[in-house]
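The values are calculated or read from the model by the stated rules, or taken from the named source; none is laboratory data. In this text the structure is predicted, and so the values were computed from the model without any measurement. FYI the Cβ positions are ideal-geometry reconstructions off the backbone, even for glycines, and counts take in every protein chain you see.
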Amino acid sequence: MSVNYAAGLSYYPHKGKCGLPEVFDSPEQFDQKIAEFTKLVRDSKHIVFHTGAGVSTSAGIPDFRGPKGVWTLEEKGKTPQMETTFDDAKPSLTHMALVKLVEQNVVQYVVSQNVDGLHIKSGLSRSKISELHGNMFIEKCDRCEREYIRRNAVTTVGLKKTGRVCERKEEVAEICTQSDSDRAAILIVRQEEFLVQKRRNWINNCREQAILRWN
């Protein structure tokens, strides 16, 4: 499904460096970094996790720029082999750990670039996450703004019509007459370069940062 999602996006030439090898730390380096990260968490009063494709690769969803990423293989004229689909994918240990950290008020908020819906599937509260590129499982009526969380991924991206009818009934039994629902999405692909830069500036304004890599 991430392959189909990527194929549905507008042409975007600025894909960054693709195909870089994965980096693995030695056990000693790993222990040292975990100790430093633990201290950073304990000393922080407000923590925001920013997640990307790396948290979902262990769930079987390929990333974009990794050794077997969608864009990496696209450059080589190859098609990625999918281990699962958005519909069947299950949250990873990372997703579940973030839920616990939020529930225990260790982490205050999550910002995600992923559209795979795994953060919501994990049980993370909608009030605790911003999904910058939208969510393939959420539709939003553009008239009454009611949102629907679907069991299956919608078939369109980029704020296009999905073909479903809004199911909302008002108190006076008047049915919302909006003929189609729109998939909720925060970013439009053509605006991505500008908004990515804006997001980067926001991150740079944070007092302290920690970058974690998942393999």
Every residue in the stretch 50-72 that is closer than 20 Å to residue 14 by Cα and either crowded, with 20+ Cβ neighbours inside 10 Å or of a type in the set (Phe, Trp, Tyr) (or both), please. 53, 62, 63, 64, 66, 69, 70, 71, 72
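Could you check how many residues of the stretch 50-105 are part of a helix (DSSP H, G or I) and at positive phi? Let's see the steps before the verdict.
First, pick out the residues of the stretch 50-105 that are part of a helix (DSSP H, G or I): 53-55, 57-59, 70-75, 93-103.
Then drop every residue that is not at positive phi, which leaves none.
Residues meeting the conditions: 0.
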Yes or no: residue 134 at positive phi, in a loop (DSSP other than H, G, I, E, B), under 18 Å from the mean Cα position of the chain (by Cα) and crowded, with 16+ Cβ neighbours inside 10 Å? yes
Exactly one condition in (1) touching a Lys or Arg at 6+ places or on another chain (Cβ under 8 Å); (2) closer than 18 Å to residue 153 by Cβ; (3) not in a helix (DSSP H, G or I) is false for residue 114; which is it? (1)
Does residue 53 count as in contact with a Pro (Cβ under 9 Å, 6 or more places away or on another chain), at pLDDT 85 or above and not basic (Lys, Arg)? yes
Taking the stretch 104-119, which residues are of a type in the set (A, V, I, L, M, F, W, C), in contact with a Phe, Trp or Tyr (Cβ under 7 Å, 6 or more places away or on another chain) and closer than 18 Å to residue 61 by Cβ? 110, 115
Cβ-Cβ distance below 8 Å, separation of 6 or more or different chains: which pairs start in the stretch 22-42 with a residue that is among the basic types (Lys, Arg) and end on one that is part of a helix (DSSP H, G or I)? none
Going residue by residue through the stretch 106-129, is there one that turns out to be loosely packed, with under 14 Cβ neighbours inside 10 Å and either under 26 Å from residue 160 (Cβ atoms) or in contact with a Ser or Thr (Cβ under 6 Å, 6 or more places away or on another chain) (or both)? yes
Starting from residues that are at pLDDT below 80 and either of a type in the set (A, V, I, L, M) or within 16 Å of the chain's Cα centre (by Cα) (or both), keep the ones in the stretch 143-162 and report whichever is surrounded by the most Cβ atoms within 10 Å (Cβ to Cβ). 157
Just a yes or no: is a residue in the stretch 29-49 at negative phi, buried (at least 16 other Cβ atoms within 10 Å of the Cβ), touching a Lys or Arg at 6+ places or on another chain (Cβ under 9 Å) and not in a loop (DSSP other than H, G, I, E, B)? no
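Kindly evaluate residue 2 against the criterion of being modelled with pLDDT of 90 or more and either closer than 28 Å to residue 129 by Cβ or not acidic (Asp, Glu) (or both). Walk me through how you get there before you give the answer.
On the way: modelled with pLDDT of 90 or more: no; either closer than 28 Å to residue 129 by Cβ or not acidic (Asp, Glu) (or both): yes.
Against the criterion (modelled with pLDDT of 90 or more and either closer than 28 Å to residue 129 by Cβ or not acidic (Asp, Glu) (or both)), residue 2 does not qualify.
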Name the residue, out of 109, 148, that is among the aromatic types (Phe, Trp, Tyr) and in contact (Cβ under 8 Å) with a residue 60 or more places away in the chain. 109
